[in-house]
Each structure stands twice: as structure tokens, then as C-alpha cells.
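K.L.:
Sending over a structure as C-alpha cells; questions will come in a sec.
All of the numbers you see were taken from the coordinates with simple rules; none came from a lab. Model, not experiment: these values are computed from the prediction. Backbone-built Cβ (ideal geometry, glycine too); neighbour counts: all protein chains shown.
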2 protein chains.
Amino acid sequence: MYGIKILKIEKIKKIAKELENDKKELVIILVNPQLGHNIGSVARVMANFSLFSLRIIKPRSGWLNSEAYSSAAGASAILDNAGIFDDFKSAVSDLDFLYATTARRRDIIKEVLSPRSATKEIRGEINLGKKIGILFGGEKSGLSNDQLAYADKIITSPVNPNFASLNLAQAVNIFSYEYYVTGNFESLGRVTQSDKGRMEGLSNDKTKKANKEEYIHFIEFVEGALIETGFFDIPEKQKLMLNNIRSMFQRQNLTQKDIKILFGIFKHILNS
Amino acid sequence: MYGIKILKIEKIKKIAKELENDKKELVIILVNPQLGHNIGSVARVMANFSLFSLRIIKPRSGWLNSEAYSSAAGASAILDNAGIFDDFKSAVSDLDFLYATTARRRDIIKEVLSPRSATKEIRGEINLGKKIGILFGGEKSGLSNDQLAYADKIITSPVNPNFASLNLAQAVNIFSYEYYVTGNFESLGRVTQSDKGRMEGLSNDKTKKANKEEYIHFIEFVEGALIETGFFDIPEKQKLMLNNIRSMFQRQNLTQKDIKILFGIFKHILNS
């Protein structure tokens with residue numbers, strides 16, 4: 001338990017440090033959120049995807065409760081540093097562009113973008129030094145038409161048309177994930193002193209895919225052993241069966257380590 | 001309140017119907033999940049992205065509580081129809097391919113894919129009639145190396161390398177969203193009898209972008225009014241200023257409705 005607590009404090013400090021260094025160009029704005037649990041979850045997904053600037057307009061009183069901190073899971077610095085606003089206009093007035101998220105049709109004329117298209121565009125604007133806000137409506141009824149009217153564009157996700165209402169934190173999650181993917185991330189997953197993250201492909205950097213020479217050496221060993229032990233009882237089928245065996249091993253995408261393991265198994269069986 | 005309850009029951013029935021029609025080829029598998037709230041949230045995001053087949057291996061006892069149903073928000077049919085398993089092998093034995101999700105390095109040699117690459121591949125396999133399972137580890141410690149060894153491939157998300165642990169429902173959310181995006185969805189957002197969903201572009205189908213004739217008609221009206229009322233006090237600057245005004249309105253991406261509104265405003269001011 002003690003070890004876990006130390007880890008948690010280290011994690012909180014790390015996120016606080018990242019928050020301090022963040023340029024605050026991309027701001028997540030929650031409008032009238034109701035549940036501490038959801039607001040904490042928003043902080044967690046923001047940290048998951050390296051966003052740190054959170055503003056909250058008229059949250060329900062008492063929102064910053066133990067549930068909020070618990071669901072933030074180490075990203076509490078984002079909650080503690082969130083800007084809290086009483087009115088909509090003062091929360092957005094310093095921004096260059098404002099995007100609003102909604103799943104519903106609005107009788108308002110604005111450009112609609114998917115999260116993927118929007119985040120590509122936003123990444124471009126951020127690179128030009130613009131300050132961007134993304135509006136997310138509260139759990140009860142989303143954004144009002146009055147609030148939407150202030151937005152430059154609308155973001156609407158592809159979603160099951162019969163079950164289109166995303167939980168608040170899930171909506172922020174999809175946006176933040178898509179935005180992160182538009183950046184030049186260097187690896188997948190966690191990075192620590194002992195874990196340098198992965199790229200797509202074989203997951204272990206300690207071993208390599210076997211090359212053709214290693215394959216051939218192994219397959220010829222197996223073939224020789226099978227011939228010697230009388231595996232091919234019908235001689236006219238030997239050539240076909242050998243080719244099937246070669247193909248089977250070739251398909252396996254074996255690593256150098258795999259070949260070693262298989263050598264070990266075959267040699268053990270042959271000697272026993 | 002009554003209206004809301006009716007709506008909820010209709011929603012529950014709709015999801016139950018979709019679940020019934022689902023071919024169950026893509027199965028979300030939770031391994032040792034702990035919190036009813038998270039499991040309910042998983043059901044909700046599955047319904048959000050049209051996935052309906054859920055299996056749960058050794059959940060903590062008492063997981064199917066009021067929090068689970070509350071966070072499922074209408075997707076309760078997915079919880080009620082979830083397959084509950086006591087052991088890992090019987091939960092996966094009918095599947096053709098098994099993918100495991102993890103953010104951590106494993107000392108195990110498997111191909112690693114991002115959610116985007118994995119879901120494209122999975123969509124292809126589903127189209128060939130394969131049955132696919134996606135493993136998600138529990139809140140405490142994720143998947144064990146023993147469980148990972150049974151998977152064909154690993155899915156690891158791009159994520160803040162210093163804060164890489166996604167909440168269980170958020171991990172399912174990103175996977176399900178990416179899988180949904182690989183399909184041929186017809187529109188963004190909600191679809192109801194009165195709301196037919198949107199594609200990217202201007203959000204209101206009741207009005208169209210103004211064409212050049214409408215633009216020119218409007219701009220010439222404004223120009224005439226400005227000349228008549230003596231707006232251009234320095235004659236040699238009139239041409240430049242007129243071009244600036246034309247460009248400004250041209251940039252606005254105005255709709256036919258916008259032009260009507262602007263006409264109304266200008267005519268009102270000129271007459272008052």
C-alpha cells in the first residue's frame with residue numbers, strides 16, 4: 001500500500017509539472033457540468049492525452065468533491081487549476097476560435113465537422129499560435145442554442161444514430177484522443193525509466209524476427225530429424241509434406257528467440 | 001419527469017432490439033472488472049458505437065448493482081445479456097482471433113497495433129465472417145502475462161507516456177469509436193424521426209449557401225446605400241474601400257438566410 005501511495009504522489013507531481021509547462025492554447029470548457037465524478041473523469045482523460053487547460057462554467061455547487069478527485073486518478077492538478085466562471089462570455093472572450101460539441105441537430109447554420117477533421121484543423125490553428133476552446137455541454141441537456149451561436153464551428157461524432165448521447169467524459173475522451181493522434185507522438189503506451197514505449201510491430205525489442213538463414217537452418221534440422229526417424233512412411237508424398245511443413249513454419253513469423261525455443265523442444269524430444 | 005421515463009423505456013427497447021439483431025461477431029471481453037460503475041459505462045459506450053456482445057470473466061461479486069445500471073444509461077440490455085465466465089479459456093475458446101489491450105511493455109513477443117490499425121484489420125476479418133474478441137484488463141492491474149499469451153496481437157493506444165493508464169470504460173470507448181469509424185456510417189450524431197443526422201459541412205439543410213448572384217445583389221445594394229449616404233468622404237479611396245467591403249462579405253460564407261437577415265438590418269437602419 002505504501003508503495004502505491006508513493007507512486008500516486010509521484011504521478012500527481014508529474015502531471016502538475018506537465019500542467020505548468022503547458023502553453024494553454026487548447027482549452028477544454030465544460031458548461032454547467034453536474035457530477036463531480038464526470039468532471040474528475042474529464043481531468044483524467046485530459047492528462048491521458050496531454051491536455052491540461054480546463055475551464056468550467058457554472059458547475060453544480062459542491063462539484064469538487066471526493067468523487068471528483070477519486071475519478072481524476074492522479075490528474076487532480078487539472079481540477080485544482082481549472083478556471084471557474086460564472087458567465088459564458090467571460091469564459092470564452094480571450095479565445096481565437098470556439099468549437100461546440102453536440103450530437104443533435106440545431107436550427108442554426110454552422111459548419112459541422114467530425115472529431116477527426118476538427119482536430120486536424122485545430123492542430124493547424126494551434127501551430128499558428130491561435131488559442132482554441134472546445135465547448136462540452138452538461139449532463140442534463142448539453143449546450144443551449146444561445147451558447148452554440150457563439151461557436152465558430154460544430155463538432156459531431158460518428159455514433160450509433162439510435163443511441164447518440166455520449167457521457168460527458170467519453171465525449172472529451174474522443175476529442176482528446178483524436179487531438180493527440182494528430183500530433184507527433186513518439187511511441188504507443190506508457191514510458192518509464194525501464195519501459196521506453198513501443199511502436200507498431202513486434203512488441204519486444206530484445207529479440208528480432210528470424211532471418212531466412214535462421215529459418216532454413218531450423219527447417220532443415222527438423223526435416224533431417226523427421227526423415228531419420230521415419231516420419232515419411234509414404235515416399236511419394238514426402239516432397240509435398242516437406243513443403244507443407246516448410247510453409248507452416250514460414251507462416252509463423254518466428255523470432256530468433258522462438259527458433260531457439262523450438263530447437264530446444266525438438267532436440268529434447270529426439271533425445272528422450 | 002413522466003416524459004423522460006417514457007423516453008428512457010423507448011431507448012432501452014431500441015437497444016434491446018439492436019442487440020437481438022447483432023451478429024455477435026465482435027465481442028468485448030472484460031477480465032476481472034471491479035466496479036459496477038465502470039462496467040455500466042462500458043455497456044453505454046458499446047451501445048454508442050453499435051457493439052452489443054459483452055463477456056465478463058470473474059467480475060467482483062455484486063458488480064451488477066444500481067451504479068452499473070445507472071451508468072449504462074439505457075444500455076441495460078447489454079448488461080443483462082452479458083456472458084459471465086468463471087475461467088478465461090472457456091470465455092475465449094469459440095473465437096477466431098483474440099486481441100489484448102495494454103499500455104505497458106510485456107516481456108512477450110507479439111505484434112503491437114494502434115487502435116486505428118487494429119480496428120481496420122478487425123473490420124476486414126469481421127467482413128470475412130471471423131469472430132473476434134478484444135480483451136480489456138480489470139481496474140486493478142490490467143491483463144496478466146498468462147492471459148496475454150493467449151492473444152494473437154496487442155493493441156496499445158497513443159497516450160501521454162507519463163500518464164498512460166486509461167480508465168476501463170475510456171479504453172473500451174476509444175476502441176469502439178475507432179471500430180465504428182471504420183464502418184460505413186451514414187451520418188454524424190443522432191437520428192430520430194425529426195432529425196435525420198448530419199454530414200460534414202453546413203449544419204442546416206433548410207437553407208443553402210448564397211450563390212454569387214445573391215452575393216452581388218446584396219453587395220451592390222450596400223455599396224449604393226453607402227455612396228448615397230456619403231460614406232466615402234475621400235473619393236480617391238472609394239475604390240479600395242469598396243473592394244475591402246466586397247472581400248469582407250465574400251469571406252463570410254453567407255447563406256441565403258444570412259443575406260436576408262443582413263438586407264433586413266441595412267434597410268431598417270437606412271430608413272430609421
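K.L.:
To the nearest 20 debye, what is the magnitude of the charge dipole of the stretch A:135-272 about its Cα centre, counting +1 on the Cβ of each Lys and Arg and -1 on the Cβ of each Asp and Glu? All intermediate terms of the calculation are to be shown ahead of the outcome.
P.N.:
On the way: 16 positive and 16 negative charges, 58 e Å.
For the stretch A:135-272, the charge dipole is close to 280 debye.
K.L.:
Can you give me the relative contact order of chain B as a percent, contacts being Cα pairs under 8 Å and 6 or more apart?
P.N.:
Reported relative contact order: 18 percent.
K.L.:
Please give the charge dipole size of chain A, origin at the Cα centre, charges +1 on K and R Cβ atoms and -1 on D and E Cβ atoms. Round to the nearest 20 debye.
P.N.:
On the way: 38 positive and 31 negative charges, 48 e Å.
Dipole about the Cα centre, nearest 20: 240 debye.
K.L.:
Which ³J(HN,Hα) values in Hz, rounded to whole numbers, follow from the phi angles of the stretch A:124-136 under the Karplus curve 6.51 cos²θ - 1.76 cosθ + 1.60, where θ = phi - 60° and Gly and Pro get x?
P.N.:
In residue order, the calculated couplings are x, 5, 4, 5, 8, x, 7, 10, 10, x, 10, 8, 10 Hz.
K.L.:
Under 19 Å from a point placed 7 Å out from the Cα of A:Asp94 along the Cα-to-Cβ direction: which residues of the stretch A:120-153 have their backbone N that close?
P.N.:
Residues passing the 19 Å test: A:126-136.
K.L.:
Considering only A:Gly189, A:Met241, A:Ile219, whose Cα is most displaced toward the positive end of the charge dipole of the stretch A:171-272, charges sitting on Cβ of Lys, Arg (+1) and Asp, Glu (-1)?
P.N.:
A:Gly189
K.L.:
For a quick check of your reading of the filter: which trypsin sites (Lys or Arg not before Pro) in the stretch B:113-218 sit in a DSSP loop and have no more than 14 other Cβ atoms within 10 Å? It would help to have the intermediate numbers written out before the result.
P.N.:
On the way: sites: B:Arg116, B:Lys120, B:Arg123, B:Lys130, B:Lys131, B:Lys140, B:Lys153, B:Arg190, B:Lys196, B:Arg198, B:Lys206, B:Lys208, B:Lys209, B:Lys212; in loops: B:Lys130, B:Lys131, B:Lys140, B:Arg190, B:Lys196, B:Lys206, B:Lys208.
Listed in order of number, the matching sites are B:Lys130, B:Lys140, B:Lys196, B:Lys206, B:Lys208.
K.L.:
Further question: Which value in nm describes the separation of the simple spin-label points at B:Gln193 and A:Met199, placed 7 Å from the Cα toward the beta carbon?
P.N.:
Taking the two extended label points, one gets 5.6 nm.
K.L.:
Using modelled backbone amide H atoms (1.01 Å from N, in-plane), which distant-in-sequence or interchain residues come within less than 5 Å of A:Phe52's amide H?
P.N.:
Here nothing satisfies the definition.
K.L.:
Let me have the 222 nm mean residue ellipticity of chain A computed from DSSP H runs of 4+ only, each contributing -39500 (n - 2.57), with the sum over all residues rounded to the nearest 500.
P.N.:
Details: 11 runs with 130 residues, N = 272.
Taking each H run of at least 4 residues, the total per residue is -15000 deg cm²/dmol.
K.L.:
What lysines does B:Lys260 reach when the alpha-carbon gap must be under 20 Å and sequence neighbours fewer than 8 apart in one chain are set aside?
P.N.:
Counting by Cα, and skipping residues close in sequence, B:Lys260 has these lysines nearby: A:Lys110, B:Lys206, B:Lys208, B:Lys209, B:Lys212.
K.L.:
To make sure I understand the rule: partners must be lysines, Cα under 18 Å from the Cα of B:Lys89, and not fewer than 8 residues away in the same chain. Which ones qualify?
P.N.:
Straight-line reach from B:Lys89, under 18 Å: B:Lys58, B:Lys131, B:Lys153.
K.L.:
So, one more: I need the inter-copy label distances for A:Ala149: point set 7 Å along Cα to C-beta, values in nm with one decimal, smallest first.
P.N.:
6.5
K.L.:
Quick one: what Rg and Dmax do you get for the stretch A:212-271 from the alpha carbons, in Å?
P.N.:
Computed over the Cα atoms of the stretch A:212-271, radius of gyration and Dmax are 11.8, 34 Å.
K.L.:
Just want the answer: with Cβ charges of +1 for Lys and Arg and -1 for Asp and Glu, which residue in B:Phe136, B:Thr255, B:Ile126 is farthest toward the dipole's positive end in the stretch B:120-272?
P.N.:
Positive-most Cα among the choices belongs to B:Ile126.
K.L.:
Using only atoms on other chains, find how many Cβ atoms lie within 10 Å of each Cβ of peptide B:45-56 and report the average. Write out the running numbers ahead of the final one.
P.N.:
Numbers: counts 6, 2, 6, 12, 7, 5, 1, 1, 0, 0, 0, 0.
Mean shielding by partner chains, rounded to a whole number: 3.
K.L.:
Between A:Lys257 and A:Lys58, what is the label-point separation in nm under the 7 Å Cα-to-beta-carbon projection?
P.N.:
Result: 5.8 nm between the two label points.
K.L.:
Can you give me the orientation-averaged projected area of the convex hull built on the Cα atoms of the protein assembly as shown, in nm²?
P.N.:
Details: hull surface 144.4 nm².
Dividing the Cα hull surface by four gives the mean projection, 36.1 nm².
K.L.:
Pop the C-beta distance of A:Ile269 and A:Ser70 into the FRET formula with R0 = 51 Å and round what comes out to the nearest 0.05.
P.N.:
E(calc), rounded to 0.05, equals 0.40.
K.L.:
Another one. Roughly how many debye, to the nearest 20, is the charge dipole of the protein assembly as shown about its Cα centre, given +1 on each Lys and Arg Cβ, -1 on each Asp and Glu Cβ, and no other charges?
P.N.:
On the way: 76 positive and 62 negative charges, 87 e Å.
Roughly 420 debye for the protein assembly as shown.
K.L.:
Quick one: what do you get for chain B if you divide its Cα Rg by 2.2 N^0.38 Å?
P.N.:
On the way: Rg = 28.0 Å, N = 272, 2.2 N^0.38 = 18.5 Å.
In units of the 2.2 N^0.38 Å rule of thumb, it is 1.51.
K.L.:
What list of ³J(HN,Hα) couplings, whole Hz, do you get for the stretch A:221-235 from phi and the Karplus terms 6.51, -1.76, 1.60, once you set θ to phi - 60° and write x for glycine and proline?
P.N.:
4, 4, 4, x, 5, 5, 5, 4, 8, x, 5, 8, 7, 10, x
K.L.:
Can you give the average number of partner chain beta-carbon atoms within 10 Å of each beta-carbon in peptide B:182-189, as a whole number?
P.N.:
For peptide B:182-189, the averaged partner shielding equals 5.
K.L.:
Output wanted: per-residue J couplings in Hz (rounded whole) for the stretch B:161-167, from phi through Karplus 6.51 cos²θ - 1.76 cosθ + 1.60, θ = phi - 60°, x for Gly and Pro.
P.N.:
Taking θ as phi minus 60°, the curve returns x, 8, 8, 8, 8, 7, 4 Hz for the stretch B:161-167.
K.L.:
Can you grab the distance from the C-alpha centre of the stretch A:1-73 to the C-alpha centre of the stretch A:123-185, Å, no decimals?
P.N.:
17 Å
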